[in-house]
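To keep things clear, I will list the structure first and then write my remarks on it.
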Amino acid sequence: EPPDLHVIHQRIQGNVEVLQDFVAKREEGRSRQEYLALLRRDMAAYYSYSDFLLTKLMDIFPLPELINFLEANEVPRPVTIRTNTLKTRRRDLAQALINRGVNLDPLGKWSKTGLVIYDSTVPIGATPEYLAGHYMLQGASSLLPVMALAPQENERILDMCCAPGGKTSYIAQLMKNTGMILANDSSAERLRSVVGNLHRLGVTNAVVSNCDGRQFPKVLGGFDRVLLDAPCSGTGIISKDPAVKTNKDENDILRCAHLQKELILSAIDSVNAASETGGYIVYCTCSVTVEENEWVVDYALKKRNVRLVATGLDFGKEGFTRFRDRRFHPSLKSTRRFYPHTHNMDGFFIAKFKKFSNAIPQAQKEPAAEVAAPSTVPDTVMEPPPKKKKLEGSKADKEQKLPQPALKKKRSLQAQRRPLKA
């Protein structure tokens, strides 16, 4: 028979209550591990998550908060738009949309450009205002990294993974179309939407490029600021992509973390520490896993001459400085985590670095030497066999190879020794 979801939900609530006050409420003879195993099995059945992902989430969140997180992922996030101040003002845009039958509000005190849409009689992605480039459909959480980056006018900025162009266009409007933005993405297909959005929004200071982010700064370096919105497992946007509940495993997380580590070192190397106004790198993901966030940031702190600085965002939860058996640098307190159940936006992580030297620490060169060593090994392995053959050759062969005078000398010496041996 199919499981009774109502019964399972009640059992989840009951077990969470027991686990919060385990000594007083537990059944005799049952261990905490039994309760946790049953709870995980019930949550997997009720919310349709894989056992692997639930185990990960149970490590990150306390149990009552975990239930709130899972519930929040069942509800879509509010539709939000960002006013394009290159073409209009938020007040004028709000009035124009209200006249078209759109019910909206300012996004929050923290944003001067965002509007949240409750309902609309017209499609938000096809209004005359949208087509004229007066606003961009953009999640609330994706405004935060650009605010943390705080771009200044006339700077050179790299947006390393820019598609579909929301953050790039936000950077352009904060810079008032001055300076230069390099909008890069490794996917040529996704760059089409970037080009379309930049044209529609009237951005004139952006150059679009199609490179692997790991190739910077070989392509171009010396930027004042870099924004790295790294590819990730998407565990913070489950409400948008429910497939994440079941299609991720340990290898997916570690593969993402490895790519993120390569990208973050490349982003740091692309920044000029001597920049008069900048020298900053903002790293962000739409994931809640520690392996893709604090772990990557801690790795960058060890590998490059950077330090973490305040993001400038006065809300959000502090990043982890310790997680299970791992200990991270104390400055990770200045990183920020955002969750669907507490901030009503996609799960997001943001860290801001300040680069204080262009020199790469010596420790970075050791792995390179280790990697280079195997390429010389085949040569040393291949050389001995010929020597071995020479040793194994007969005396006659050796004698043939000797020059004629040397051969005569050798034989005369042998003749002199014979009487002595006799």
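The values are calculated or read from the model by the stated rules, or taken from the named source; none is laboratory data. This structure is a prediction, so every number in the text was calculated from the model and none was measured. A quick note on method: Cβ atoms are made from the backbone with ideal geometry, for glycine too, and the neighbour counts reach across all protein chains shown. Just so you know, the surface numbers come from the protein's heavy atoms only, side chains and all, with ligands and any DNA or RNA stripped out. Shrake-Rupley method; radii C 1.70, N 1.55, O 1.52, S 1.80 Å.
The figures follow:
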| item | result |
| --- | --- |
| Residues of the range 32-85 satisfying the condition of being touching a Lys or Arg at 6+ places or on another chain (Cβ under 9 Å), among the aliphatic types (A, V, I, L, M) and more than 14 Å from Asn15 (Cβ to Cβ) | Leu53 |
| Any chance Arg41 is without any contact (Cβ under 8 Å) to a residue 24 or more places away in the chain, at negative phi and either in a helix (DSSP H, G or I) or assigned by the TED database to the domain that holds Pro145 (or both) | yes |
| Residue match in the range 268-290 (condition: over 18 Å from Phe223 (Cβ atoms), not polar (S, T, N, Q) and not in a loop (DSSP other than H, G, I, E, B)) | yes |
| The lone exception for Leu332 - which of (1) modelled with pLDDT of 90 or more; (2) surrounded by fewer than 10 Cβ atoms within 10 Å (Cβ to Cβ); (3) not hydroxyl-bearing (Ser, Thr, Tyr) it fails | (2) |
| Flag for Ser270 being open to solvent by less than 20 Å² (accessible area, probe 1.4 Å), touching a residue at least 24 places away in the same chain (Cβ under 8 Å) and not charged (D, E, K, R) | yes |
| Failed criterion for Asn251 (all others in (1) in a loop (DSSP other than H, G, I, E, B); (2) under 28 Å from Leu70 (Cα atoms) hold) | (1) |
| Pairs where the first residue, in the range 210-231, is assigned by the TED database to the domain that holds Leu144 and among the charged types (D, E, K, R) and the second is in a strand (DSSP E or B) and open to solvent by 30 Å² or more (accessible area, probe 1.4 Å), C-beta under 6 Å, 6+ apart | Asp224/Arg156; Arg225/Tyr280 |
| Some residue of the range 82-102 being closer than 30 Å to His134 by Cα, touching a residue at least 40 places away in the same chain (Cβ under 8 Å) and either assigned by the TED database to the domain that holds Tyr339 or part of a strand (DSSP E or B) (or both) | yes |
| Number of the exception - Thr285 against (1) open to solvent by 10 Å² or more (accessible area, probe 1.4 Å); (2) touching a residue at least 60 places away in the same chain (Cβ under 8 Å); (3) among the hydroxyl-bearing types (Ser, Thr, Tyr) | (1) |
| Out of Asp21, Asp105, Asp51, sole residue that is open to solvent by 40 Å² or more (accessible area, probe 1.4 Å), at negative phi and touching a strand residue (DSSP E or B) at 6+ places or on another chain (Cβ under 7 Å) | Asp105 |
| Evaluation of Asp249 against (1) over 19 Å from Ala183 (Cα atoms); (2) more than 16 Å from the chain's Cα centre (by Cα); (3) surrounded by 21 or more Cβ atoms within 10 Å (Cβ to Cβ) (one fails), failing number | (3) |
| Filter result for Ala257 (open to solvent by less than 10 Å² (accessible area, probe 1.4 Å) and aliphatic (A, V, I, L, M)) | yes |
| Residues of the range 44-54 that turn out to be assigned to a helix (DSSP H, G or I) and of a type in the set (Ser, Thr, Tyr), as a count | 2 |
| Condition met for Arg307 (of a type in the set (Lys, Arg), open to solvent by 50 Å² or more (accessible area, probe 1.4 Å) and at positive phi) | no |
| From the options Lys56, Lys25, residue that is under 24 Å from Ser287 (Cα atoms) and in contact with a helix residue (DSSP H, G or I) (Cβ under 8 Å, 6 or more places away or on another chain) | Lys56 |
